[in-house]
Amino acid sequence: MVGRFTERFSTPGARRAGTALALALALAFPPLTAALVPDNRYYLELGFHFWQYAILGLSLNVILGGAGLYNLGHAAFYAVGAYTTGILNTKLGIPTLWLLPVAALTAALFAAVISRPVLHLRGDYLLIVTVGFAEIVRIALRNNVFGLTGGPNGILGIDRPELFGMRFNTPLHFYYLSLFFVVLTVFIAVRLERSRVGRAWNFIREDELAAESMGIDTTRYKFLAFVTGAALAGMAGNVYAGKMTVIAPESFSFWESVVIFAIVILGGTGSIPGIFLGTFGMVVLPQLPFLRGLQDARMLVFGAAMVLMMIFRPQGLWPSRRWSLAVGRGLEEGGPAEGGPAQGGPAAPTRAAAGGGGQ
């Protein structure tokens, strides 16, 4: 039933209509809340954090949902982008938005350095290594590396972003700024998904050995997934630094990586709409007034939700289109809903379909 329901909304016309409706609601959110709530600053701040974590979820989805690489240290790339922005802005006076590509490039270079030696690892082993890298970054930031990171106090006095002479200094400004970068990130993610790079990532995720036997350079494409996801996370770090004007190591703890990882898993790995559902469940729901009383039991509620999801919805709240169509076909044909091609996608990837990844 889930497969048939999602299949109806997987046609090009339905996707375009859904995208247009979602964008219209996002643009109309500030005036709607202003009409319903006298002081809507809280909801605009919540909207900003929703978009920020959506960007982070989409960036991790490139690594986890795209190439199937377990990364539980994604906050390290987020931190590199934020600290690059903070250091260059406070030391050299470079405008914050000008540093956006620099932050993305620095995070990508960092990912290139740390990922190259460990790309041969798979599954839980890779996940444990990424946890270690994230902790190394956090401890290095606390120890005030080269006297640049400010130690436990972090970096203070980062300038607000400016564009065409307009300074971003209100929750409404940052709401729309983060929304713009969400749209940009979704565009990049969709283009990657439909490219030969995205198809190669899918084959690697489903069966790395089979993909390699068909001529796909798995090491190269896994390396590219890490670098691309890190660059998008670095971009989010730049926006965060400009918004907060103060950054500290505690803002990029292991818990941040857990939240980002859970967003992708709960929403559905490889599913762009699922990322937004996962972000809503992990970021927005706990902050709503009628659920704020459960804040002390957040870890208990979070753990119970994860267990229930793994039992009843292991594919996520909004499965990827490829998974849903496969399950729908399996149900219609009376075959198994799980296992085989329904879960694994294409059973035998070909060099032509992957675009000749080794070339």
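Just one residue in the set ILE265, ILE188, ILE247 is modelled with pLDDT of 90 or more and either touching a Gly at 6+ places or on another chain (Cβ under 7 Å) or under 25 Å from GLY132 (Cβ atoms) (or both); that residue is ILE247.
Looking only at the range 255-272, residues that are part of a helix (DSSP H, G or I) and either out of contact with any Phe, Trp or Tyr (no Cβ under 8 Å at 6 or more places or on another chain) or surrounded by fewer than 24 Cβ atoms within 10 Å (Cβ to Cβ) (or both) come to 11 in all. Among the residues making up the range 145-178, those that are more than 13 Å from MET244 (Cβ to Cβ), out of contact with any helix residue (DSSP H, G or I) (no Cβ under 7 Å at 6 or more places or on another chain) and either in a loop (DSSP other than H, G, I, E, B) or among the hydroxyl-bearing types (Ser, Thr, Tyr) (or both) are GLY150, PHE164, GLY165, THR170, TYR176.
Okay, residues lined up against (1) modelled with pLDDT of 80 or more; (2) assigned to a helix (DSSP H, G or I); (3) exposed (fewer than 12 other Cβ atoms within 10 Å of the Cβ):
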position	(1), (2), (3)
GLY3	no, yes, no
THR6	no, yes, no
GLY13	no, yes, yes
ARG16	no, yes, yes
THR19	no, yes, no
ALA26	yes, yes, no
PRO30	yes, yes, no
ALA34	yes, yes, no
TYR43	yes, yes, no
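For the range 133-144, the set of residues classified as surrounded by fewer than 14 Cβ atoms within 10 Å (Cβ to Cβ) and in a helix (DSSP H, G or I) consists of ILE136, ILE139, listed by residue number. There is at least one residue in the range 273-296 that is in contact with a Gly (Cβ under 6 Å, 6 or more places away or on another chain), surrounded by fewer than 20 Cβ atoms within 10 Å (Cβ to Cβ) and not small (Gly, Ala, Ser).
Within the option set ALA22, ALA111, ALA104, ALA79, being over 30 Å from PHE254 (Cβ atoms), aliphatic (A, V, I, L, M) and under 19 Å from the mean Cα position of the chain (by Cα) holds for one residue only, ALA22. Among the residues of the range 89-101, those that are more than 15 Å from TYR240 (Cβ to Cβ) and under 25 Å from the mean Cα position of the chain (by Cα) comprise TRP98, PRO101.
The values are calculated or read from the model by the stated rules, or taken from the named source; none is laboratory data. Only a predicted model underlies this, so the values are computations on that prediction, with no experimental measurement involved. All Cβ positions, glycine included, derive from the backbone under ideal geometry; neighbour counts span all protein chains shown.
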